[in-house]
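To keep things clear, I will list the structure first and then write my remarks on it.
The values are calculated or read from the model by the stated rules, or taken from the named source; none is laboratory data. No experiment lies behind these values; they were computed from the predicted model shown.
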Amino acid sequence: MNERIRKIENAHILLWLFKDICWVADIKWMGTIMIAPTLFVALWITYRMRKSVSELVHNVAVICWICANSVWMLGEFYFKDGTRPISIGLFAMGIIILVVYYVRTLLLKDKR
């Protein structure tokens, strides 16, 4: 893995944690703002790692996770917690992507 991308992945964790701390601390304006850089960096990492199917799939699942968390957070902040069904759908999408990838990987491995 490219060392530069690894450093950005580590910085991405900081962005993500900062967004979630704002959520827990009920700092609505900052939590809302932090969605953009957190999601942007996840998209950038996904784009850079797209040549590896495994990295691509896992990073797309991370994007689903960040989107699900962000929708959930916005729902708690501004919509009386009414966005959970959307969040569940986004979480499920990430899980389905990974399950399909792992099932396919196991099936292809068994055929060798």
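The figures follow:
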read-out: Candidate set from segment 64-82 (those that are farther than 19 Å from Leu43 by Cα and of a type in the set (Gly, Ala, Ser)); member that is modelled with the highest pLDDT; value: Gly75
read-out: Filtered residue count, segment 83-112, keeping only those that are over 30 Å from Ser52 (Cα atoms) and modelled with pLDDT under 95; value: 0
